[in-house]
Structure formats: C-alpha cells, structure tokens
Amino acid sequence: MKVLVPVKRVLDYNLKVRVKPDGSGVDLSNLKMSINPFCEIAVEEAVRMKEGGGGHAAGAATEVIAVSIGPDQAQETIRNALAIGADRGILVKAEGEIEPLAVAKILKGVIEAEKPDLVILGKQAIDDDANQTGQMLAALLGWPQATFASKIVLQGAKATVTREVDGGLQTIDVELPAIITTDLRLNEPRYASLPNIMKAKKKPIDVKAPADFGVDTTPRLKVVNTAEPGKRAGGVKVKTAGELVGKLKEAGVI
Amino acid sequence: MAVLVVAEHDNASVKDATSKVVSAAKAMGGDVDVLVAGSNAGAAAAAAAKIEGVRKVLHADGATLAKQMAEALEALIVPLMANYDAVLFAASTTGKNAAPRVAAKLDVMQVSGVIGVEGADTFVRPIYAGNAIVTVKDEQPKKVLTVQPTAFKAAGEGASAAIETVAAPSGPFKAAFVSEEMAKSDRPELASAKRVVSGGRALGSSEEFNRVLEPLADKLGAAVGASRAAVDAGYAPNDYQVGQTGKVVAPELYVAVGISGAIQHLAGMKDSKVIVAINKDEEAPIFQIADYGLVADYKTAVPELMDELTKAGV
C-alpha cells in the first residue's frame with residue numbers, strides 16, 4: 001500500500017505571533033519555521049504503517065511519500081518528514097499564500113500521478129487554522145474521508161477510523177482509497193535520530209510547479225486587514241474566596 | 001440574496017448553535033433558510049421553524065443522513081446551492097467535516113471559523129489560534145462559511161416558518177458509520193453552557209480532577225472543561241478540552257482552576273464574560289486576562305469557595 005502525506009511549513013508553534021503594525025499580515029521574517037504539528041503526526045502514522053507499530057503490521061505501507069507545496073525552503077519540511085521515515089518527497093514550488101482550495105487541487109494532481117491507496121493529512125495548519133484541505137481533496141477526488149482521527153485500523157480494502165467529535169468519539173469505516181486527517185491524540189511523533197536525519201539528506205525530492213497540474217493559485221479571498229486580537233484587560237486580584245463570591249454577585253454571574 | 005444555514009441538531013431538537021448561526025446569516029442581509037438534514041428529524045425541523053427571522057425550513061430525512069456524514073451532506077447540499085448565494089455551517093465537528101466538501105464541489109474557497117460579519121461579503125476570523133484576527137473580503141459568486149457560534153447572539157424564538165421537504169440523497173456512500181461513544185452527563189453541554197469550571201495540570205490526577213471540580217460544577221450548574229495539558233496527562237477526557245484545538249467556549253462565568261493559561265487555552269475561553277482564575281503561581285499568565293484572580297492553592301481555595309457560595313445562597 002502506498003501512502004501519501006502532504007506536509008505544510010508553518011511558523012514554529014513555540015514562537016509568539018507578531019502582527020505587522022501596518023495590518024498587512026503576520027511578521028514571519030527571520031523566524032524559525034517548522035513542520036505543522038498535525039502534519040508531523042500524519043507522517044508518524046504513515047511511517048508506523050510501514051515499520052509496524054501503533055497497531056499496524058510492519059509492511060502495511062510499502063512506500064510513504066511526503067509532499068509539500070511552498071517555497072524552496074519547504075524542502076526542509078520534506079526533509080523533516082524523510083527523517084521521520086518517509087521514503088521520498090515531492091515539492092510543488094509556489095510562492096506566497098496558497099489557499100486550501102488551490103492546495104487541494106494541486107494534491108489531486110499529485111495523487112492522480114502517484115495513485116496512493118491512502119492519504120493522511122493534518123486536520124488543520126496552525127497558521128491559517130482553516131481545517132479544509134483534507135475534506136476538499138476528498139470531495140475533488142470523490143473519495144470518502146475520516147477527519148479528526150485518533151485511531152486508525154487498516155483492514156484490507158478499508159480503514160476503521162475513530163474520530164474525535166463533539167461530545168465523544170465516533171468510529172467509521174472508509175473504503176480505500178480514502179482521506180484521513182489527524183487529531184492530536186493519534187500518536188506522539190518520534191524525535192528523528194541523527195543517523196536518520198543524515199539518511200534523509202540522501203533521499204530524493206522531486207520538484208514540480210502548480211502549472212504542471214494546471215492549477216491557478218491566485219487567492220480567491222482578499223485579506224483586507226490583519227489585527228492583534230482585542231486585549232482583555234486583566235482584572236483584580238482578590239484575597240479570599242469570600243471576596244471572590246462578593247465580586248461575582250456584583251457582576252451578576254451567580 | 002438568499003442564505004442557507006445548515007442546522008446543528010440531534011434529530012429531536014436543534015442546538016443553540018443553529019440559532020446563533022442564523023444571527024450571523026441575518027447580518028449578511030437577505031433571506032435566511034435553515035436546512036435540517038437528519039433521520040426522523042421532524043421534531044428538529046419543527047423547532048428550527050420557530051427561530052426568529054427564518055424564511056423557511058428545508059427538511060431532508062433519510063437513513064443516509066442519520067449521522068450527518070460529510071459525503072451525504074455534500075450530496076444533499078451541493079445541488080441545493082443553485083438557489084442560494086451562501087451556505088453557513090456551525091464550526092462544530094459536523095460543520096467542519098462537511099463544509100469544505102461543499103466548497104470544493106462549488107469551486108469556492110471557504111471562510112472558516114467566522115467570528116464577525118461586516119456585511120454580505122466581509123468576514124472576520126481568527127488565525128494563529130486567535131493570536132491574529134483577519135478581515136477577509138469574499139467576492140466569490142457562492143460563499144461557504146463555518147461560523148463560530150459563541151461569537152453571535154442567539155436569534156429569538158416565536159416564528160412559524162413553513163417546512164418544505166427535500167429528498168435525502170440515496171447513497172450508498174464509501175464511508176459508513178460503525179459506532180459512537182458519547183460522554184454521558186447530566187451537566188450542560190460544554191460548548192453552550194452558561195457556566196464552565198475548568199481544570200489544569202495542577203490537579204495532578206484524574207481522581208483529584210473529579211474530586212475537586214465535580215462538586216464545584218454541580219454547585220454552579222456548570223459544565224466541566226480542561227486545559228490541553230490536563231487532557232494530555234489523562235486527567236480528563238478529550239472532549240473536555242477547551243482551547244484552539246479543542247472547544248471554543250464563551251460562558252457567562254469561566255472558572256479556571258490550576259490552569260496556567262497557555263495561549264492555546266486562552267484562545268478557547270477568552271471571550272467568556274467573567275473569568276475567574278485560581279492558581280497558586282502568582283506569575284501564571286491566566287491572571288493577565290482573569291477578571292478576578294485568587295492566588296491560592298486550589299486544595300484550600302476550592303473548598304472555601306464552595307462554603308462561601310453556600311453562604312451566599314448559591
């Protein structure tokens with residue numbers, strides 16, 4: 001079984017987000033960029049399907065391909081996936097903000113060329129928080145989807161996936177080929193070892209362009225303004241539980 | 001302009017979120033219809049027809065819609081969009097699951113997690129876990145939005161809109177429901193509760209989490225939430241998680257017990273009307289946004305709070 005894992009390069013999740021004073025966007029200059037955490041979980045799951053582990057038999061996946069759409073530096077993100085254990089990479093070189101719809105269209109092109117049996121993506125990227133790409137891709141391909149996965153069991157021509165939904169957990173069966181998107185608790189990604197990081201440098205990365213798939217990446221939405229969130233003024237410190245209850249009464253919430 | 005709102009419901013009743021998304025739709029101007037897609041969902045359709053400002057309710061009923069799975073909702077909604085300029089879903093797991101499929105089929109870029117509507121084509125949404133807020137203009141001929149219900153007031157009740165039946169998609173679909181495990185609780189639902197009591201990693205164990213928070217939640221008639229740290233440590237189940245990657249809540253009263261206040265948690269609760277923080281670390285970031293901060297060990301502070309609430313007649 002061939003597994004394809006799209007990965008996104010985003011601002012490192014440990015870094016503070018700074019909005020540019022002129023409202024034109026978020027300042028990313030000279031800041032550390034990393035693989036989107038949900039994408040990293042997707043890579044880990046695919047690699048476990050190949051190596052065995054996490055409930056998967058070794059060899060369930062025969063090849064894991066990491067794909068990224070972005071600037072030259074997105075190669076680093078692909079190398080990160082290769083260091084976790086993906087076999088090869090595809091970079092679709094594109095500058096600027098590429099919206100989920102365009103990403104899904106490019107991925108559809110990649111998938112038609114590579115013909116994977118399973119595509120695992122992060123449920124959302126921690127920069128635009130859109131939570132769209134996997135679902136859009138599934139619709140464009142006419143494939144079933146299992147989003148927000150916390151457990152995946154492969155069984156022949158189908159996957160049984162437990163999903164984190166409002167109020168609890170839902171388990172569904174999807175016929176392969178299918179799209180799965182990862183939630184946080186699906187697995188805990190490994191730290192790539194130094195030998196694997198070195199090995200990853202030798203793995204092949206194919207470079208393509210959106211035009212190779214006939215996709216126009218012009219954004220559909222216009223960002224008019226980017227602002228800091230409204231600051232919530234800190235309140236007062238109370239000394240005792242009694243004083244707290246008094247304040248809550250005054251505020252009319254109890 | 002005509003806007004379709006996809007109802008959040010459990011077949012028997014519509015959730016509060018539906019009425020809030022109707023408010024967002026009304027802010028766009030034009031006619032607002034509500035789609036109730038379910039199985040034996042007549043009661044939910046009747047409830048939706050009562051929401052103030054709804055022109056009519058479309059009711060699609062069938063086995064394929066029993067679990068409101070994304071493939072079936074896509075098949076149902078895409079053809080309906082011939083009659084609408086926009087479709088709005090709640091940013092629930094059901095809405096987030098289905099909306100992008102509809103958008104892709106309409107060849108439209110979706111606007112996710114809308115927290116403000118500034119006219120028919122201008123929307124406000126958070127990015128970077130709420131650390132930045134963008135205003136976007138959507139001039140596409142059809143619009144697909146998911147709406148953060150907590151950002152909008154519920155529309156009133158008392159209308160009696162007509163209910164029109166539409167055919168459910170026939171299927172079969174390549175995804176099939178197997179089972180579900182829903183948390184059972186007599187407490188209000190976290191996402192829509194008026195009061196929330198939330199615990200963090202400081203609670204130290206799942207026994208302690210329940211021992212400390214449940215009586216307080218019962219006393220206040222509150223839902224119980226948790227920080228991601230508490231959930232990851234296994235003190236609380238996944239669906240308790242409040243934050244960027246969990247639930248976004250905006251109750252009248254939010255009581256954070258032993259929560260330090262990581263940005264990702266604050267993103268999920270900072271729109272609460274009154275925030276109370278109880279933490280023994282005076283430097284905890286939660287105090288920067290709390291209306292009332294009590295620097296104290298929860299072990300003594302929570303029992304004292306319970307006593308004082310009793311004294312105050314709560």
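Based on Cα contacts under 8 Å between residues 6+ apart, region B:1-156 shows a relative contact order of 27 percent. A simple spin-label model places the labels of B:GLU118 and A:SER193 5.4 nm from each other, with each point 7 Å out along Cα-to-Cβ.
Were the residues from A:THR218 through A:VAL236 laid out at 0.36 nm apart, the gain over their Cα-Cα distance would be 1.6 nm.
Averaged over its residues, how many other protein chain Cβ atoms are within 10 Å of peptide B:172-185's Cβ atoms?
Details: counts 1, 3, 12, 14, 7, 4, 7, 6, 9, 7, 6, 3, 2, 1.
For peptide B:172-185, the averaged partner shielding equals 6.
Figure legend: label point modelled 7 angstrom from the Cα of B:ASP297 along Cα→Cβ; residues of region B:262-281 with amide N under 14 Å from it are B:279-281. Identify the residues of region B:228-249 with backbone N under 13 Å of a label point that sits 7 angstrom from the Cα of B:SER206 along the Cα-to-Cβ direction, or state none. Inside the label zone: B:231-240.
Taking 8 Å as the Cα distance limit and 6 or more residues as the minimum spacing, I'd like the relative contact order of chain B as a percentage. Intermediate values should be presented prior to the final figure.
Details: 700 pairs, mean separation 45.0, N = 314.
Relative contact order here is 14 percent.
For the peptides A:237-243, B:111-117, A:119-125, the ranking by mean Cβ contacts within 10 Å, running from highest to lowest, is A:119-125, B:111-117, A:237-243. Spin-label pair A:GLU243-B:THR310: with each label point 7 Å from Cα along the Cα-Cβ axis, the two points sit 2.4 nm from one another. Highest mobility in the GNM of chain B, judged by mean-square fluctuation with C-alpha springs under 10 Å and restricted to B:ALA25, B:ALA48, B:ALA103, is found for B:ALA103.
Quick one: compute the contact order of region A:62-221, relative version, from alpha carbon pairs under 8 angstrom and 6+ residues apart, as a percent. Intermediate results must be reported in sequence, preceding the final value.
Numbers: 289 pairs, mean separation 46.3, N = 160.
Reported relative contact order: 29 percent.
Residues whose amide H lies under 5 Å from that of B:VAL255, counting only those 5 or more places away or on a different chain, are B:VAL196, B:VAL197, B:SER198, B:VAL276; hydrogens are built 1.01 Å from N in the peptide plane.
Ranking A:THR77, B:ASN83, A:PRO21 by how far each Cα lies toward the positive end of the dipole of the protein assembly as shown (charges on Cβ) leaves A:THR77 at the top.
Express as a percent, rounded to the nearest 5, the fraction of DSSP beta bridges in region A:1-131 (both residues included) that run antiparallel. Just about 30 percent of them are antiparallel.
Select from B:ALA202, B:ALA267, B:ALA277 the residue whose mean-square fluctuation is largest in a Gaussian network model of chain B (Cα-Cα springs shorter than 10 Å). It is B:ALA202. The separation of region B:13-73 from region A:35-58, counted between C-alpha centres, amounts to 38 Å.
Between B:VAL196, B:VAL302, B:VAL36, the Gaussian network model of chain B with springs among Cα atoms under 10 angstrom shows the greatest mean-square fluctuation at B:VAL302.
Amide H contacts of B:GLU8: B:LYS15, B:THR18, each under 5 Å away and 5 or more positions distant or on a separate chain (H built 1.01 Å from N in the peptide plane; Pro and chain starts excluded).
With the simple spin-label model, which puts each label point 7 Å out from Cα in the Cβ direction, the A:ALA211 to A:GLU76 separation comes to 2.8 nm.
Here, each number is a calculation from the coordinates, and none is a lab measurement. Predicted model only: the values in this text are computed from it and were never measured. Please note: Cβ atoms are built from the backbone with ideal geometry, for glycine as well, and neighbour counts cover all protein chains shown.
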